[in-house]
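Trainee: Here it is, the structure, as structure tokens.
The values are calculated or read from the model by the stated rules, or taken from the named source; none is laboratory data. No experiment lies behind these values; they were computed from the predicted model shown. Reconstructed Cβ throughout: ideal geometry from the backbone, glycine too, with neighbour counts over all protein chains shown.
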Amino acid sequence: MKLEFNKPGMLALALLCPVVTYAAETRVYEQILANGMKILVKEDHRAPVVVSQVWYKVGSSYEPGGITGISHMLEHMMFKGTQQYPAGEFSRIIAEQGGQENAFTGSDYTAYFQTLEKSRLEISFKLEADRMRNLDLKAEELEKELQVVTEERRMRTDDKPRAKMQEQFNSVAFANSPYKNPVIGWPSDIANYKVEDLQAWYQQWYAPNNATLVVVGDVDAEQVVKLAEHYFAGLKPSEIKPLKPQAEIDQKGTRKLTVKAPAKLPYLMMGYKVPVLKTAKPEWEAYALEVLAGILDGGNGARLSTRLVRGKEIAVSAGAGYDMTSRLPDMFLLEATPAEGKSVFDLEYALKDEVYQLQNELVSKDELQRIKAQVLANDIYQKDSNFYQAMQLGLLETVGIGWQKADAYVENINKVTAEQVREVARKYLIEDTLTVAYLDPQPITEAPKTGKSIGGRHAF
């Protein structure tokens, strides 16, 4: 379902007193340490557990050519140890305490997390603070991990036709936006990483003034902040220079590509260039696009499922997607797999017809209300999870939207009108910004392999 907020002047924060704010409606306690590190704490006393996450404002969209995927590679290397805790010790200690830990990298962030019994939170802080500034990068460990990442790429992308097609789709849809590059990196770049590359990337981005610590669970906020100050306040900040503008050039016509890969069925992907919450002007456009995606693909009663799969029976599956929490402008996606006897061109015509109807007919009051009710239900359901609550706060803060928007989501969705849905469909779902990809299935010579997810952009 991804900065310019860290200016060179961030070092001046060391001269300021900590800033504390409190939002009663979400019970989120915020504090900025003197070294620039932000702490967000949300108390949730329903179970005696705590989730701790450290988010860094760096991901694949920060990477120049030649070292694509280095953020993901560094995520792997962060588990290779420090002088105090050698390779394997981090995971062993967390497991010994009955906890779980992992990490994920996306286009706009890298995040590390632990889930522990509430009295064990200090262990998480101690370990994360140590590796934030003291990672021990070794050539021999990098050589081992290069093989792991190369295999991960093969399993997750090269051997999976739809993943391979999406990678090719992004590289064509975006001309100069960094979203054209895969999170895991291009093969030639992965093969040529050096320890010096990783060290420079680590020193550049892994600093307290480029990080947000998020804690959600059965804790006392003030005690958590005191504990965080003990372990993180002494870490030295870095000079984080603002990124150069990375604005995508205007697209001047439909782009099309065909990807040939071993697969059982053909597949269609379509994408339109759209703004996101951070870039939409006015802001309501992002929420209207979110509702539009729900109208097309918001459960079994949504239009694509009702009309194309069960109604006309021209697709075995069809969906729509929009990530309003990207750091840079992104894509509104449509995808479908044709039913037997139908082609990707039949589906392309049918999907464009659905877009045409949204552009020319107002959504009914009942349909709009159904989508809004589902959005509210999903938001409530997801907040049952401490991990999701923490991820929502960390993501919004890291991409530059601000954690406060978490509380405004449902309210802003409820404000969306049928006229606004029609307006964004007319403005953004147009041929001049469209990219279309067709998967041309080739004979399968061996059984597909599966692999673990490396993460990616997450919507809230």
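Trainee: Based on what the data block shows, is ALA406 at pLDDT 95 or above and small (Gly, Ala, Ser)? Write out each step before concluding.
Mentor: Working: at pLDDT 95 or above: no; small (Gly, Ala, Ser): yes.
No, not satisfied.
Trainee: Here is a follow-up. Output the number of residues of segment 323-354 satisfying the condition of being under 29 Å from the mean Cα position of the chain (by Cα) and not in a strand (DSSP E or B).
Mentor: Of the residues in segment 323-354, 13 are under 29 Å from the mean Cα position of the chain (by Cα) and not in a strand (DSSP E or B).
Trainee: Next question, about the same structure. Could you please let me know if ILE430 is modelled with pLDDT under 95 and surrounded by 13 or more Cβ atoms within 10 Å (Cβ to Cβ)? Before you say what the answer is, go through the steps one by one.
Mentor: Details: modelled with pLDDT under 95: no; surrounded by 13 or more Cβ atoms within 10 Å (Cβ to Cβ): yes.
When the stated conditions are applied, ILE430 does not pass them.
Trainee: Filtering segment 198-251 down to residues that are within 22 Å of the chain's Cα centre (by Cα) and not assigned by TED's automatic domain parsing to the domain that holds VAL58, which residue is surrounded by the most Cβ atoms within 10 Å (Cβ to Cβ)?
Mentor: Ranking the qualifying residues of segment 198-251, first place goes to ILE240.
Trainee: Of everything in segment 117-154, what is surrounded by 16 or more Cβ atoms within 10 Å (Cβ to Cβ) and small (Gly, Ala, Ser)? Give them in sequence order.
Mentor: SER124, ALA129
Trainee: Of the residues that sit in segment 57-66 and are crowded, with 21+ Cβ neighbours inside 10 Å and not charged (D, E, K, R), which one is farthest from the chain's Cα centre (by Cα)? Give the steps one after another, and end with the answer.
Mentor: In the first step, residues of segment 57-66 are kept if they are crowded, with 21+ Cβ neighbours inside 10 Å; the result is 57-63.
From what's left, not charged (D, E, K, R): 58-62.
Numbers: VAL58: 11, GLY59: 9, SER60: 11, SER61: 11, TYR62: 14 Å.
Across segment 57-66, the extreme among qualifying residues is TYR62.
Trainee: Going through segment 399-442 one residue at a time, which ones are among the small types (Gly, Ala, Ser) and either outside any helix (DSSP H, G or I) or in contact with a helix residue (DSSP H, G or I) (Cβ under 9 Å, 6 or more places away or on another chain) (or both)? Talk me through it step by step, then tell me what you get.
Mentor: Filtering segment 399-442 for residues among the small types (Gly, Ala, Ser) gives 400, 402, 406, 408, 418, 425, 437.
Across segment 399-442, the qualifying residues are GLY400, GLY402, ALA406, ALA418, ALA425, ALA437.
Trainee: To continue, here is another question. Being acidic (Asp, Glu) and more than 20 Å from the chain's Cα centre (by Cα) is the filter here, so list the residues in segment 146-162 that pass it.
Mentor: Here is the first cut: in segment 146-162, the ones acidic (Asp, Glu) are 151-152, 158-159.
Hits for segment 146-162 are GLU151, ASP158, ASP159.
Trainee: Can I ask one more? Taking SER188, is it surrounded by fewer than 21 Cβ atoms within 10 Å (Cβ to Cβ), in contact with a Lys or Arg (Cβ under 8 Å, 6 or more places away or on another chain) and within 16 Å of GLY65 (Cα to Cα)? Please lay out each step first, then the result.
Mentor: Details: surrounded by fewer than 21 Cβ atoms within 10 Å (Cβ to Cβ): yes; in contact with a Lys or Arg (Cβ under 8 Å, 6 or more places away or on another chain): no; within 16 Å of GLY65 (Cα to Cα): yes.
Judged against the criteria, SER188 is not a match.
Trainee: Take GLY69 and tell me if it is farther than 26 Å from GLN389 by Cα, under 18 Å from the mean Cα position of the chain (by Cα), among the small types (Gly, Ala, Ser) and surrounded by 20 or more Cβ atoms within 10 Å (Cβ to Cβ). Show your work before the answer.
Mentor: Details: farther than 26 Å from GLN389 by Cα: yes; under 18 Å from the mean Cα position of the chain (by Cα): yes; among the small types (Gly, Ala, Ser): yes; surrounded by 20 or more Cβ atoms within 10 Å (Cβ to Cβ): yes.
Answer is yes for this residue.
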